[in-house]
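One structure below.
The values are calculated or read from the model by the stated rules, or taken from the named source; none is laboratory data. Values in this document were obtained by computation on a predicted structure and should not be read as measured data. No Cβ is skipped: glycine too gets one built from the backbone with ideal geometry, and neighbour counts run over all protein chains shown. Only protein heavy atoms, including side chains, enter the accessible area calculation; ligands, DNA and RNA are left aside. Shrake-Rupley method; radii C 1.70, N 1.55, O 1.52, S 1.80 Å.
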Amino acid sequence: MEFSSHYKGLEQDIKDLVISSFTDSEGSDEGELIGELVRNLLSDTAPDDIQVFLARAGDELVGAAVFTRLTYPDDPRVVFLLSPMAVATRWQGKGVGQRLLTHALDSLREGGVDVAITYGDPAFYGKVGFKPLSQSIARPPLPLSQPEGWIGQSLTKEPLAALSGTSICVAALNDPSFW
């Protein structure tokens, strides 16, 4: 398994992976919705506000994790939000997602990111250090339909203290249907 953060020129492959993975697990409507989110994230997000991590097995793209900046204007810490993440269906259950996320979180940490947050399955993401967040610790940018999925972790040696103020996500995620 090889990991990289070079995604330019692979945008359609990433979108196809996400559509396929989400369609298989959540249905075609969800696959198309998240595929369009990925297209918008990859094409419309400023380079400093997005980090993409890929897993490949030979020539095959088997996993993708997209992180975008989550800004807390009243807080000096650098925060990135994981959304979405996908692993090719035939590769699921083989540790690809955990290994990809471990690589991504290490890279973010080395790049000076202080906090990683996601909105997903606590059981899966808990395997790589994500813990439940109250909205008083990290205010989400929009109301959450499933608050138990709001999870995060400090990427520094310090425990995660409350992030100050409200948060602002990148434009592509500023849609209630994702929250």
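Give the number of residues within segment 48-71 that are surrounded by fewer than 17 Cβ atoms within 10 Å (Cβ to Cβ) and closer than 21 Å to Ser20 by Cβ.
Matching residues across segment 48-71 total 5.
Take Ala123 and decide whether it is more than 14 Å from the chain's Cα centre (by Cα), surrounded by fewer than 17 Cβ atoms within 10 Å (Cβ to Cβ) and of a type outside the set (Ser, Thr, Tyr).
When the stated conditions are applied, Ala123 passes them.
Look at Gly112 and say whether it is in contact (Cβ under 8 Å) with a residue 60 or more places away in the chain and either of a type in the set (Asp, Glu) or surrounded by fewer than 16 Cβ atoms within 10 Å (Cβ to Cβ) (or both).
It is false that Gly112 is in contact (Cβ under 8 Å) with a residue 60 or more places away in the chain and either of a type in the set (Asp, Glu) or surrounded by fewer than 16 Cβ atoms within 10 Å (Cβ to Cβ) (or both).
Filter segment 138-175 for residues that are part of a loop (DSSP other than H, G, I, E, B) and in contact with a Gly (Cβ under 8 Å, 6 or more places away or on another chain) and give the result.
Within segment 138-175, Ala138, Arg139, Leu160 meet the criteria.
I need a count of the residues in segment 117-130 that are within 14 Å of Leu81 (Cα to Cα) and either touching a strand residue (DSSP E or B) at 6+ places or on another chain (Cβ under 6 Å) or in a strand (DSSP E or B) (or both).
Here the count works out to 5.
Given the criteria more than 20 Å from Val96 (Cβ to Cβ), open to solvent by less than 40 Å² (accessible area, probe 1.4 Å) and among the hydrophobic types (A, V, I, L, M, F, W, C), does Leu41 qualify?
Yes: the conditions hold for Leu41.
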